[in-house]
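Visitor: A single structure is presented below for examination.
The values are calculated or read from the model by the stated rules, or taken from the named source; none is laboratory data. Given the structure is predicted, the values throughout are model-derived calculations rather than measurements. Note that each Cβ is placed from the backbone with ideal geometry, even for glycine, and that neighbours are counted across all protein chains shown.
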Amino acid sequence: MTNIVRRDPHAIDNMLDDLFKGFFVRPVRYSGETPEMQMIKMDIKEGDRDYTVHAELPGVNKEDIHVTVDGNTVSINAEVKKTTEEKEGDKVLRSERHYGKVYRSFSLGQDVDEAGAKAKFEKGVLELVLPKKATAAAKKLSIE
């Protein structure tokens, strides 16, 4: 005996709509742009007294990095300048340049003591030591 299956004629249209949904609104990546240039990769560790952040910023100069701390929100801005040039004798065969900005912002579980915060940049890795702000003990009010 043959099984009869009922199909919705609009199911294929819905399937195609789902397939292409958001296709034209995704961020465009240029051919010379690598994924490393799009986002700052980082590790965040929490200790008893502070947070330690390691952010990868290869090919960035120390002067082009800006870090801001506002309460428990930390923002890292950097300007990437990469130049690659291949020569054969005096003739330039290929020259690729990329200039752009990368940005990353994140929130921590506790406010940061901005006065004690430290930043160090070495070999393409930014290290932030962000001490936690001391929280005031709860004060019990006496009722008059």
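This table checks each residue for (1) touching a Phe, Trp or Tyr at 6+ places or on another chain (Cβ under 8 Å); (2) more than 18 Å from residue 56 (Cβ to Cβ); (3) not in a loop (DSSP other than H, G, I, E, B).
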{"position": "105", "(1), (2), (3)": "no, no, yes"}
{"position": "121", "(1), (2), (3)": "no, no, yes"}
{"position": "126", "(1), (2), (3)": "no, no, yes"}
{"position": "130", "(1), (2), (3)": "yes, no, yes"}
{"position": "135", "(1), (2), (3)": "no, yes, no"}
{"position": "139", "(1), (2), (3)": "no, yes, no"}
{"position": "143", "(1), (2), (3)": "no, yes, no"}
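Residue by residue, here is whether (1) part of a loop (DSSP other than H, G, I, E, B); (2) touching a Lys or Arg at 6+ places or on another chain (Cβ under 8 Å); (3) not small (Gly, Ala, Ser) holds:
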| residue | (1), (2), (3) |
| --- | --- |
| 77 | no, yes, yes |
| 86 | no, yes, yes |
| 95 | no, no, no |
| 98 | no, yes, yes |
| 101 | no, no, yes |
| 109 | yes, no, no |
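Visitor: Considering every residue within segment 79-97, establish whether at least one is under 13 Å from residue 50 (Cβ atoms), touching a Ser or Thr at 6+ places or on another chain (Cβ under 9 Å) and of a type in the set (Val, Ile, Thr).
Guide: No, segment 79-97 contains no residue that is under 13 Å from residue 50 (Cβ atoms), touching a Ser or Thr at 6+ places or on another chain (Cβ under 9 Å) and of a type in the set (Val, Ile, Thr).
Visitor: Please pick out the residue among 79, 56, 36 that is modelled with pLDDT under 85 and surrounded by 14 or more Cβ atoms within 10 Å (Cβ to Cβ).
Guide: Going through 79, 56, 36 in turn, just one is modelled with pLDDT under 85 and surrounded by 14 or more Cβ atoms within 10 Å (Cβ to Cβ): 36.
Visitor: Inspect segment 119-130 for any residue being basic (Lys, Arg) and loosely packed, with under 11 Cβ neighbours inside 10 Å and give the result as yes or no.
Guide: yes
Visitor: If you take the residues in segment 92-118 that are out of contact with any Asp or Glu (no Cβ under 7 Å at 6 or more places or on another chain) and of a type in the set (A, V, I, L, M, F, W, C), which one is surrounded by the most Cβ atoms within 10 Å (Cβ to Cβ)?
Guide: My answer is 112.
Visitor: Please go through segment 67-106 and give me each residue that is among the aliphatic types (A, V, I, L, M), more than 14 Å from residue 128 (Cβ to Cβ) and within 19 Å of the chain's Cα centre (by Cα), ordered by number.
Guide: Across segment 67-106, the qualifying residues are 80, 102.
Visitor: Let me ask something additional. In the list 95, 105, which residue meets the criterion of being out of contact with any helix residue (DSSP H, G or I) (no Cβ under 7 Å at 6 or more places or on another chain), under 18 Å from residue 44 (Cα atoms) and of a type outside the set (D, E, K, R)?
Guide: Among 95, 105, only 105 is out of contact with any helix residue (DSSP H, G or I) (no Cβ under 7 Å at 6 or more places or on another chain), under 18 Å from residue 44 (Cα atoms) and of a type outside the set (D, E, K, R).
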